[in-house]
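The values are calculated or read from the model by the stated rules, or taken from the named source; none is laboratory data. Note that the coordinates shown come from a computational prediction; the quantities given were computed from them, not determined experimentally. Using ideal geometry, Cβ is built from the backbone for each residue, glycine included, and neighbour counts are taken over all protein chains shown.
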Amino acid sequence: MSTELGQQVIIDNKPGAGTIIGTDAVAKSAPDGYNIVIATFAHAVNPSLQPKLPYAQDKAFAPVTLIAKGPNVLVVRADSPFKRVKDIIDAARTKPGKLNYASQGNGTSAHLAGEMFTNLAKVEMIHVPYRGAGPAITDLLGGQVDMIFGTAAAVSPFVQSGKLRAIAVTSPQPSPP
């Protein structure tokens, strides 16, 4: 961005509370165009998930442009017995509430993808929320969780290296590896 704009750009990553901390900082900054928030899926769902936000979402922000789209991906360890979605559904139906899936946190697109999956498949699985994709992937690789619904950006390097296997993607078309 610095090259394109011809001036310095500073990124101040403020994670936490499902993006609310960073979003609040931008909402309370001067409306001068110098502070922007990269709004994710959480920006759209937080008003529904959080009873009271520290900012007026409908008044504090103005959309500028779409910069990226990314699906969620259901992944398992490379040595997992699950090869297809049907394998997961069959196992979950055989042992309701025994399988678990990780996500990068409560209310994230990955968490809600997992909830939608269990709802549509009519199965019970335990959601294990983490504080980000990194710890969730670490525990998947270590065998502490059975699978992850994660963003393509987070899981792609592990799929490409062969450490994880992609089972499904939430986009209408398959994503390149």
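One table, with the values for the structure above:
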| item | result |
| --- | --- |
| Subset of the range 152-170 [hydroxyl-bearing (S, T, Y) and either touching a strand residue (DSSP E or B) at 6+ places or on another chain (Cβ under 6 Å) or not assigned by TED's automatic domain parsing to the domain that holds R84 (or both)] | T170 |
| Whichever residue in the range 41-88 is in a loop (DSSP other than H, G, I, E, B) and in contact with a helix residue (DSSP H, G or I) (Cβ under 6 Å, 6 or more places away or on another chain) and, among such residues, is surrounded by the most Cβ atoms within 10 Å (Cβ to Cβ) | F82 |
| Test result for G22, outside any loop (DSSP other than H, G, I, E, B), in contact (Cβ under 8 Å) with a residue 60 or more places away in the chain and not assigned by TED's automatic domain parsing to the domain that holds A136 | no |
